[in-house]
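Novice: I have a structure I would like to understand better, so I am pasting it below and will then ask my questions one at a time.
The values are calculated or read from the model by the stated rules, or taken from the named source; none is laboratory data. Fair warning: this is a prediction, and the values are worked out from it, not measured in the lab. Please note: Cβ atoms are built from the backbone with ideal geometry, for glycine as well, and neighbour counts cover all protein chains shown. Only protein heavy atoms, including side chains, enter the accessible area calculation; ligands, DNA and RNA are left aside. Shrake-Rupley method; radii C 1.70, N 1.55, O 1.52, S 1.80 Å.
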Amino acid sequence: MVPSASTKKSTVKIVLTAASALLIIGAAVAWYFFTKGFDDTATVKADYTVTAMGLIAEFKSNEAAANKKYAEKIVAVNGRVTAVESADTTLNLKMAGEDGSYILFAFQQNGQAAVKQVKEGDSVSIKGSCNGGTYSEILEAESITFKRCTLNK
């Protein structure tokens, strides 16, 4: 038995309606995830609290395990600032070990006012989201980076 023309039109209409609904739902979900912001780092409880030299040592001893443990986690790092660097729209604080390994903390514009008061040699506590660490064969040093940083009070 051959389906009638009206049955074919009804089926096409249902399929097109369902596809349109799925497209709208998919667009709404995509918009939500693309525009979703992050919680203010200052108000988020740190997953870990470490010293700068202890963190560097942990990454140097087993980088893969340290990346698995700290990457994309909020970490409070206590240590002495070895450099204050300005780059484009960010202000960076660096804590470095004697072997050249370092931690770099990026502060966005909303947190830069307090950071401008920090000078080399100051002991501070910084909270941020850890990007992870990488070892440079050329520099023979570990570098660990943080984003969305705030001075921990």
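Novice: Any idea which residue in segment 55-88 is surrounded by the most Cβ atoms within 10 Å (Cβ to Cβ), counting only those that are in contact with a helix residue (DSSP H, G or I) (Cβ under 6 Å, 6 or more places away or on another chain) and farther than 13 Å from LEU151 by Cα?
Specialist: PHE59
Novice: May I ask you to verify whether LYS94 is farther than 24 Å from VAL44 by Cβ and buried (at least 16 other Cβ atoms within 10 Å of the Cβ)?
Specialist: When the stated conditions are applied, LYS94 does not pass them.
Novice: In segment 117-138, what residues are among the aliphatic types (A, V, I, L, M) and either assigned to a loop (DSSP other than H, G, I, E, B) or in contact (Cβ under 8 Å) with a residue 60 or more places away in the chain (or both)?
Specialist: Selection gives VAL118, ILE138.
Novice: A further question on this structure: Do the conditions hold for THR145, that is, is it assigned to a strand (DSSP E or B), modelled with pLDDT of 95 or more, among the hydroxyl-bearing types (Ser, Thr, Tyr) and open to solvent by 20 Å² or more (accessible area, probe 1.4 Å)?
Specialist: So THR145 passes the test.
Novice: Counting only residues that are in a strand (DSSP E or B) and closer than 25 Å to ILE138 by Cβ, how many does segment 78-116 have?
Specialist: 17
Novice: Then there's this: Listed residues ASN110, ASN131; which is touching a Lys or Arg at 6+ places or on another chain (Cβ under 8 Å) and farther than 16 Å from ASN78 by Cβ?
Specialist: So the residue among ASN110, ASN131 that is touching a Lys or Arg at 6+ places or on another chain (Cβ under 8 Å) and farther than 16 Å from ASN78 by Cβ is ASN131.
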